[in-house]
Amino acid sequence: MRSIDPIYIGKDATAVLLNYLKNDRQSRFALVADKNTYRALGDRVERALKSAGYDVKTVMLDGDHVHTDEHQITHTLIHAPRGDCTFIAVGSGTVTDITRFVSFHTNRPFIGMPTAPSVDGFTSIGAPTVLAGVKKTVYCQPPIAIFADIDVLSSAPHDLVGAGYGDMIGKMTSVADWTLGSILWNEPFDPAIAERSKKAVAEVLKHTDAIGEQKTDGIRALMDGLIESGFLMLEFGASRPASGTEHHISHYWEMMYIREGRATQLHGAQVAVGMVIAARQYARLRKVSREEMLERLEGAQLPLRSAEIAAIQQGYPSMSAEIIRDNLPFLDMTENDFDMLKRRIVERWEDIQAVAAQVADAETIQEWLRRAGAPSTATELGLSEAELSAGIRYGHFLRERFTVMKLSRILGLALE
Ligand SMILES: [Zn+2]
């Protein structure tokens, strides 16, 4: 289902774009960039298009710290040309999402020109958008083509590269959680997609040092992995193959920053730290013997509905109704459902342990993250102990998905 064609990652992406446009009837373009990405590539693309005789209007996003929100969306709507045109997003995740949003909601296509291997969302349909202070993924469209200049990607700011690495290797815990969801919670699962995701992570891991040093082959491997991960989500029709505990914790922190009016951190940087937390939980699970599991389940109680709702209201003060709705399958569990789930844990214990064995140790992951230039501790994200614990305590409420956190709570394992 590769409707994004071509996806070019290589030298001289601007020339390749011009060549592609020769076969396209489009002659009017809205180029969207922020100050940094305009300097890195946008300026060059704009000049090349103009000298080839195209009508180009550049929309420069407003300010130094650009977010996908009402302000930038309105700004882009006002400054983009009206009528027929193709949008070109020159930038990393945020510029792409703003362009994805505006082009889709004005019925026009867009081309992606990523400037940093920072996130796996370049091929996405959805745009994570902050609307009225709450982050939501809004249904939009994927780009019609992607042209990524390898030299531009390789000169991207180091923290963006580290974030892309975190978002990418975080799939290790996403896929483990997804597999638990299929074993214990009947979540739709696609083994071929899960395998491809694991392969993509393994490939990127091989290039850890080259990514940290921003060598061309490392950056290419990272970008290939991020694009593949994006496709796996498109093919599966949901983010499940690429989002588990590590993403829930990242989303929780991001919503906290937005609610408190603080500067947000890079998505992949938060995912990196969330992944370390998930990996610690898998390590705890690996230590539980069959006998201990049986003992723990003997004493396990169905969580009290009212206590769960109170926890959600505490963790998500501005959007608890929505989170409660997402959690109904868990909140509405009867004693009988809970007994069945416990029986399932007993029956599938070996499979559960096989999933846990696929996740690397937290210390190994931290070492990889350091080598690639990504944060590996909450302190590096500027989070306090209390904020770290809140992410661990409340993150798992975010989606109707079974994760290692849900399993840990049933087994009464420490969450920390
Ligand atoms: Zn992500």
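Would you mind calculating the gained length between Gln301 and Ala283 on full extension (0.36 nm times residue separation, minus the Cα-Cα distance), in nm to one decimal? Walk me through the numbers on the way to the answer.
Details: separation 18, 0.36 × 18 = 6.48 nm, distance 2.32 nm.
Full extension from Gln301 to Ala283 adds 4.2 nm.
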| Built amide H within the under 5 Å cut-off of Val59, gap 5+ | Leu31, Val32, Ala33
| Within straight cross-link reach of Lys206, meaning Cα distance under 25 Å, which lysines are found once same-chain residues fewer than 8 apart are removed? | Lys11, Lys171, Lys198, Lys215
| Using a cut-off of 20 Å between alpha-carbon atoms, which lysines can reach Lys342, once sequence neighbours fewer than 8 places away in the same chain are excluded? | Lys287, Lys406
| query | Of Ile324, Tyr282, Ala372, which is farthest on the positive side of the dipole of the range 160-411, counting Cα position, with +1 on Lys and Arg Cβ, -1 on Asp and Glu Cβ, and the Cα centre as origin? | reply | Ala372
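Quick one: of the DSSP bridges fully inside the chain, what percent are antiparallel, nearest 5? It would help to have the intermediate numbers written out before the result.
On the way: 6 of 28 bridges.
DSSP beta bridges in the chain are roughly 20 percent antiparallel.
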| task | Among Ile9, Gly315, Leu222, flag the residue with its Cα farthest along the positive direction of the charge dipole of the chain, charges on Cβ as +1 for Lys/Arg and -1 for Asp/Glu. | result | Ile9
| said: Over the Cα atoms, compute the radius of gyration (one decimal) and Dmax (the largest Cα-Cα distance, rounded to a whole number) for the chain, in Å. | reply: 22.0, 74
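Give, in nm to one decimal, the length gained when the segment between Lys199 and Ala52 is fully stretched (0.36 nm per residue of separation minus the Cα-Cα distance).
On the way: separation 147, 0.36 × 147 = 52.92 nm, distance 4.12 nm.
That works out to 48.8 nm of additional length.
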| In nm, to one decimal, how far is the modelled label at Ala357 from the one at Gln26, with both set 7 Å along Cα→Cβ? | 5.0
| said: Please report, in whole Å³, the volume per residue of the convex hull around the C-alpha atoms of the range 7-156. | reply: 98
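Among rounded, prolate and oblate, which fits the range 258-353 when a ≥ b ≥ c are the square roots of the eigenvalues of its C-alpha gyration tensor, a/c under 1.5 means rounded, and a/b larger than b/c means prolate? Before the final figure, lay out the partial values.
Numbers: a/c = 2.90, a/b = 1.36, b/c = 2.14.
Taking the square roots of the gyration eigenvalues as a ≥ b ≥ c, the range 258-353 is oblate.
Evaluate the charge dipole of the chain about its Cα centre and quote only its size in Debye, nearest 20, assuming +1 on the Cβ of each Lys and Arg and -1 on the Cβ of each Asp and Glu.
So the magnitude is around 700 debye.
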| request: Compute the distance in nm between two label points, each set 7 Å from the Cα along the Cα-to-Cβ direction, one at Glu70 and one at Glu235. | output: 4.0
| remark: Expected sort for Trp178, Trp185 with the fewest Cβ neighbours (10 Å cutoff) up front is Trp185, Trp178
| Check Thr137: other-chain or 5+ apart residues with amide H under 5 Å from its amide H, H built from backbone geometry? | Thr129
| field | Full-stretch length increase - Glu292, Glu213 - with 0.36 nm per residue and alpha-carbon distance subtracted | value | 24.0 nm
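How large, in Å, is the range 80-173 by the Kirkwood hydrodynamic radius built from its alpha-carbon pairs? Can you show the working numbers first?
Numbers: mean 1/r = 0.0719 Å⁻¹.
One decimal place: 13.9 Å for the Kirkwood radius.
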| task | Using the charge dipole of the chain (Lys, Arg: +1 at Cβ; Asp, Glu: -1 at Cβ; taken about the Cα centre), state which of Met256, Gly42, Gly181 has its Cα farthest towards the positive end. | result | Gly42
| Column: log10 I(q)/I(0), Debye, Cα scatterers of the range 309-414, q = 0.20 Å⁻¹ | -1.21
| field | Among beta bridges that DSSP assigns inside the range 7-156, antiparallel share in %, nearest 5 | value | 20
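How large is the helix-only mean residue ellipticity at 222 nm for the chain, computed as the sum of -39500 (n - 2.57) over DSSP H runs with n ≥ 4, divided by its residue count, in deg cm²/dmol to the nearest 500?
Values: 21 runs with 233 residues, N = 416.
The per-residue figure over the chain is -17000 deg cm²/dmol.
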| Using every alpha carbon pair in the range 130-267, what percent of pairs falls into each 10 Å bin from 0 up to the bin containing the largest distance? | 11, 35, 37, 16, 1
| Listed residues Val119, Val273, Val130, most fluctuating in the chain (Gaussian network, C-alpha, under 10 Å) | Val130
| said: Starting from the 7 Å offset along Cα-to-Cβ, what nm value, one decimal, do you get for the label separation of Arg259 and Asp337? | reply: 2.5
| Length-normalised contact order for the range 7-156 - Cα pairs under 8 Å, 6+ apart - percent | 28
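Could you list His65, His105 so that the one with the fewest beta carbons within 10 Å of its beta carbon is first and the one with the most is last?
Details: His65 8, His105 15.
Fewest to most other Cβ atoms nearby, the residues stand as His65, His105.
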| request: Would you mind checking the range 173-198 for residues with the amide N under 20 Å from a putative spin-label position 7 Å along Cα→C-beta of Leu328? | output: 185-188
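Just so you know, all these numbers are worked out from the coordinates, no wet-lab data involved. These numbers were taken from a predicted model, which means no experiment stands behind them. Neighbour counts run over all protein chains shown; Cβ positions are idealised from the backbone, glycine included.
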